[in-house]
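The values are calculated or read from the model by the stated rules, or taken from the named source; none is laboratory data. These numbers come from a predicted model, not from an experiment. Note that we place each Cβ from the backbone using ideal geometry, even for glycine, and neighbour counts take in every protein chain shown.
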Amino acid sequence: MDLQLYYSPRSCAFAPHILLHDADANFDVIKINFDKKEQNSADFLKVNPKGRVPALLTSKGILTETPAILLYIAQTHPDKKLAPSDPFLLAQAQAFNMFLASTVHVAHSHKHRGHRWVNDTYAEKAMTAKVLENMTECAKIIEEHYLQEPYVLGQKYSMCDPYLALIFRWLYLDGVKISAFPGLCKHNELMKERDSMQKAMALYDYPDPP
């Protein structure tokens, strides 16, 4: 196989997994069982010292961080046109993916990984209690500021769309009233029709929001 994607069934590896199918890439997957703490094993820490997925093994080495992996997949399969070629439009696409990674992912993680930031039980509970409000605000920003419809960048499907499909499921799991965001719901319906999304869903423990 040209590429190997390390994933776990409820992780952000979901996004590059979809894009690998979109790219018709020649790849294999390696499951990391978080319940068995395999992310902390000596073997996996050689792959990613951060103990997280996704990680993508390429012919030139290993890539981590979802935005970087998505861009790599898009740029190594240029015939699929999964990333804009115009520098400004590419920067806009990157701005969206980085917002998801740096802000939305962190807001979601406060629900069950507060120990990464604090050592106080009360503080952890306070962070968890804030998740619904923060994720609702994130959904509003995505719908009103980023989503050009029907896809993130408008009429053209791109590397941003699998990432939003992942985030939509997190919004649902965090209790966000997704019906209040018709653009996001329409995007989800389009994603569910894609063969790439259906193939990836079979390996992930994510709900299928109505």
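Remarks
- Exclusive hit being within 30 Å of Gln155 (Cβ to Cβ) and of a type in the set (Val, Ile, Thr), set Ile69, Ile62, Ile30: Ile69
- Among the residues making up region 192-210, those that are in a helix (DSSP H, G or I), in contact (Cβ under 8 Å) with a residue 40 or more places away in the chain and surrounded by 12 or more Cβ atoms within 10 Å (Cβ to Cβ) are Ser196, Met197, Lys199, Ala200.
- Subset of region 10-19 (residues that are closer than 14 Å to Val53 by Cβ and modelled with pLDDT of 95 or more): Ser11, Cys12, Ala13, Phe14, Ala15, Pro16, His17
- Any hit, region 153-163, residues being farther than 25 Å from Leu90 by Cβ and in a loop (DSSP other than H, G, I, E, B): no
- All conditions but one from (1) at pLDDT 95 or above; (2) at negative phi apply to Gly175; the one that does not is (2).
- Taking every residue in region 138-155 that is more than 16 Å from Ile178 (Cα to Cα) and pairing it with any residue that is among the acidic types (Asp, Glu), at least 6 positions away or on another chain, the pairs with Cβ-Cβ distances below 7 Å are Tyr151/Asp161; Val152/Asp161.
- Filter result (among the acidic types (Asp, Glu) and at pLDDT below 95) within region 114-145: Asp120, Glu124
- Taken over region 23-42, the residue count meeting the criterion of being assigned to a helix (DSSP H, G or I) and more than 17 Å from Ser11 (Cα to Cα) is 1.
- Test result for Tyr172, closer than 19 Å to Ala93 by Cβ, in contact (Cβ under 8 Å) with a residue 12 or more places away in the chain and in the same structural domain as His105 (by TED's automatic domain parsing): no
- Meets criteria (of a type outside the set (Lys, Arg), within 15 Å of the chain's Cα centre (by Cα) and not in a strand (DSSP E or B)) for Met98: yes
- Test: residue in region 43-65 that is acidic (Asp, Glu), under 24 Å from Glu193 (Cβ atoms) and not in a helix (DSSP H, G or I): no
- The one condition in (1) assigned to a loop (DSSP other than H, G, I, E, B); (2) modelled with pLDDT of 95 or more; (3) closer than 18 Å to Val104 by Cβ that Cys185 fails to fulfil: (1)
- Residue match in region 118-133 (condition: under 18 Å from Ala23 (Cα atoms) and in a helix (DSSP H, G or I)): no
- Condition met for His108 (outside the structural domain of His21 (by TED's automatic domain parsing), closer than 21 Å to Phe168 by Cα, in contact (Cβ under 8 Å) with a residue 40 or more places away in the chain and out of contact with any Pro (no Cβ under 9 Å at 6 or more places or on another chain)): yes
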